[in-house]
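Inspection log for the structure reproduced underneath, given as structure tokens.
The values are calculated or read from the model by the stated rules, or taken from the named source; none is laboratory data. Worth saying up front: this structure is predicted, and the values here are computed from it rather than measured. We place every Cβ from the backbone using ideal geometry, glycine too, and count neighbours over all the protein chains shown.
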Amino acid sequence: MRERILLTGGAGFIGSHTYVKLVETGYDVWIVDNFENASEDIPDRLASLVGEAPRIIRCDLRDYDSIKAVLGSAHFDAVVHFAARKSVPESETNPIGYYRSNVVGLVNLIDGMRGAGVRNLVFSSSAAVYGATTNVPIAETTPLAPLNAYAETKRAAEDFIRYVARAHPEMRVGVLRYFNPVGAHPSGVIGEAPAQPPSNLVPVLARVATGQLDELKVFGGDYSTRDGTAIRDYIHVIDLAKGHALSLKALLRDKQSHLVNLGTGRGYSVLEMLEAYGRAVGRNLPYRIVDRRAGDAAVSYADIRQAKQILGFEAEQGLAEMCRSSWRYYSQEVGVDTSGADDPRPIIVEPKTSRLSSALFEPGQGPLSGAIQRDGSGQWSRSARLKTPPGYE
Ligand code: UD1
């Protein structure tokens, strides 16, 4: 019997890539998502990548009865929990919404898991919990110092998980602290939905490349770094998805809770990212150095020893592929001409039959529209355009 996994937020950026990885690994994966901030055509896209319609249940974790009903509807071996909000500026203006989604949602989920006897949880945390620490590489033992409401919700969630694990020792949890997730599936079929307005670096670079933004504003050119701009540990979303598969394996087979950083252990400056993205696009991108952004650390990259030791995790994808895949996805989404790009063509993943009618939907919600097709030249195209507000994982 295949192990059955419930993936919350599986229609989002990291969730959708992890869905594909877990299905490829052999798990029976069910998604719950409220689609509040995910594209309605994600089921079609996932179907085209894995060859069968995903089981997707429209459910909002802020509603305890709904998630309890889902967890009671079948036996699940584990939950991988992505469903959360992640925009720092939005969290500062809407702390109630952020605590409700990121903390109350988790409380409801774990309560439901306990009721249904589900003992294993993989939890999406963030390197944001470390704040602007100057101790690099950042080890998991670094004291936490969140600098904004978003990061505080992740710390609160981690604290809650720790108390749950103490009170209920049969529960096993993998807490994964992501550094800076970027990139997209090599097919270009799924990626980080084009949010407006973006605040993270790579989505901004994508918009500079399309001309939607005039230039990249580089926040600070006077840091004590090799070129004066801030350094981050960018990790390909495909590597992150692999990290989740390894975390699940550690929980299910080795019966082992863990808390690990997921990063590459290597940092790139803003100007290095600008250059790499320009290479992927095929031309230099305009930029201007402006004041530092409040709350930004000068240098942040992961100590990756614990992830390697406990999970056997090591990131494999390099910077060029992070930028290429991001641009492949984004340029297809907005329909721009990519001539001159380093590698404009998607890596073709043979689309398999999608059996959308077998997908699970809330009563009244039919299979979702927006077919993915390939034309004679092998290019992917979609009939629906994405419209996704910022701030979701
Ligand atoms: C940010 C959040 C972090 C969150 C993460 C989610 C802050 C302070 N931190 O991390 O809590 O977990 O996103 O992915 O918001 N940059 C520019 N110009 C831009 C955008 C970014 O120069 O237009 C620079 C930033 O100053 C930073 C680097 O690019 O040095 C990366 O920025 P970003 O992608 O926003 O990630 P973080 O700030 O590391």
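Hey, among Ala276, Ala241, Ala250, Ala307, which residue is touching a helix residue (DSSP H, G or I) at 6+ places or on another chain (Cβ under 8 Å), of a type outside the set (Asp, Glu), within 29 Å of Gly211 (Cβ to Cβ) and in a helix (DSSP H, G or I)?
Step by step, each of Ala276, Ala241, Ala250, Ala307 is checked, and only Ala276 is touching a helix residue (DSSP H, G or I) at 6+ places or on another chain (Cβ under 8 Å), of a type outside the set (Asp, Glu), within 29 Å of Gly211 (Cβ to Cβ) and in a helix (DSSP H, G or I).
Scan region 1-47 residue by residue and report those that are modelled with pLDDT of 95 or more, among the hydroxyl-bearing types (Ser, Thr, Tyr) and surrounded by 24 or more Cβ atoms within 10 Å (Cβ to Cβ).
Thr8, Ser16, Thr18, Tyr19
Are there any pairs, at least 6 apart or on different chains, whose C-beta atoms fall under 6 Å, with the first in region 142-160 and assigned to a loop (DSSP other than H, G, I, E, B) and the second within 8 Å of the ligand (Cβ to nearest atom) and at pLDDT below 95, and if so, which?
Leu147/Gly295; Asn148/Val88
Which one of these does Thr229 not meet: (1) in contact with a Ser or Thr (Cβ under 9 Å, 6 or more places away or on another chain); (2) assigned to a helix (DSSP H, G or I); (3) near the ligand (Cβ under 10 Å from one of its atoms)?
(2)
Which members of region 200-226 meet the condition of being near the ligand (Cβ under 10 Å from one of its atoms), surrounded by 17 or more Cβ atoms within 10 Å (Cβ to Cβ) and not in a loop (DSSP other than H, G, I, E, B)?
Leu201, Val202, Pro203, Val204, Leu205, Arg207, Val208, Leu216, Val218, Phe219
Is it the case that some residue within region 139-151 is under 15 Å from the mean Cα position of the chain (by Cα), more than 25 Å from Pro95 (Cβ to Cβ) and either aromatic (Phe, Trp, Tyr) or more than 8 Å from the ligand (Cβ to nearest atom) (or both)?
Checked against the condition, which is being under 15 Å from the mean Cα position of the chain (by Cα), more than 25 Å from Pro95 (Cβ to Cβ) and either aromatic (Phe, Trp, Tyr) or more than 8 Å from the ligand (Cβ to nearest atom) (or both), region 139-151 yields no hits at all.
Kindly provide the set of residues from region 152-163 that are touching a strand residue (DSSP E or B) at 6+ places or on another chain (Cβ under 9 Å) and more than 15 Å from the ligand (Cβ to nearest atom), ordered by number.
Ile161, Arg162
Please return the ranges of strands (runs of 3 or more DSSP E) entirely within region 1-86 where 1 or more residues are under 22 Å from Val173 (Cα atoms).
In region 1-86, the matching strands (runs of 3 or more DSSP E) lie at 4-8, 28-33, 78-81.
Which of the residues belonging to region 180-197 are surrounded by fewer than 24 Cβ atoms within 10 Å (Cβ to Cβ) and within 8 Å of the ligand (Cβ to nearest atom)?
Asn180
If you scan region 102-138, which residues turn out to be within 19 Å of the chain's Cα centre (by Cα), in a strand (DSSP E or B) and within 16 Å of the ligand (Cβ to nearest atom)?
Phe123, Ser124, Ser125, Ser126, listed by residue number.
Given the options Val290, Val237, Val281, name the one that is of a type in the set (A, V, I, L, M, F, W, C) and under 18 Å from His81 (Cα atoms).
The unique qualifying residue is Val237.
Of all residues in region 250-283 being within 28 Å of Ser326 (Cα to Cα) and of a type in the set (Lys, Arg), which is nearest to the ligand (Cβ to nearest atom)?
Applying the filter and picking the extreme gives Arg266.
Return the only residue of Ala320, Ala280 being surrounded by fewer than 18 Cβ atoms within 10 Å (Cβ to Cβ), among the aliphatic types (A, V, I, L, M) and either modelled with pLDDT of 95 or more or under 24 Å from His17 (Cβ atoms) (or both).
That would be Ala320, the only listed residue that is surrounded by fewer than 18 Cβ atoms within 10 Å (Cβ to Cβ), among the aliphatic types (A, V, I, L, M) and either modelled with pLDDT of 95 or more or under 24 Å from His17 (Cβ atoms) (or both).
List pairs: first residue in region 289-301 and more than 7 Å from the ligand (Cβ to nearest atom) and assigned to a loop (DSSP other than H, G, I, E, B), second residue charged (D, E, K, R) and modelled with pLDDT of 95 or more anywhere in the structure, Cβ distance under 8 angstrom, at least six positions apart or on different chains.
Arg292/Asp222; Tyr301/Arg232; Tyr301/Asp233; Tyr301/Arg266
I want to confirm something. Restricting to region 164-199 and keeping residues that are in a helix (DSSP H, G or I) and in contact with a strand residue (DSSP E or B) (Cβ under 9 Å, 6 or more places away or on another chain), which single residue is nearest to Val260 (Cα to Cα)?
Only one residue fits best here, namely Ala165.
Can you tell me how many residues within region 170-179 are among the charged types (D, E, K, R) and within 14 Å of the ligand (Cβ to nearest atom)?
The qualifying residues number 1.
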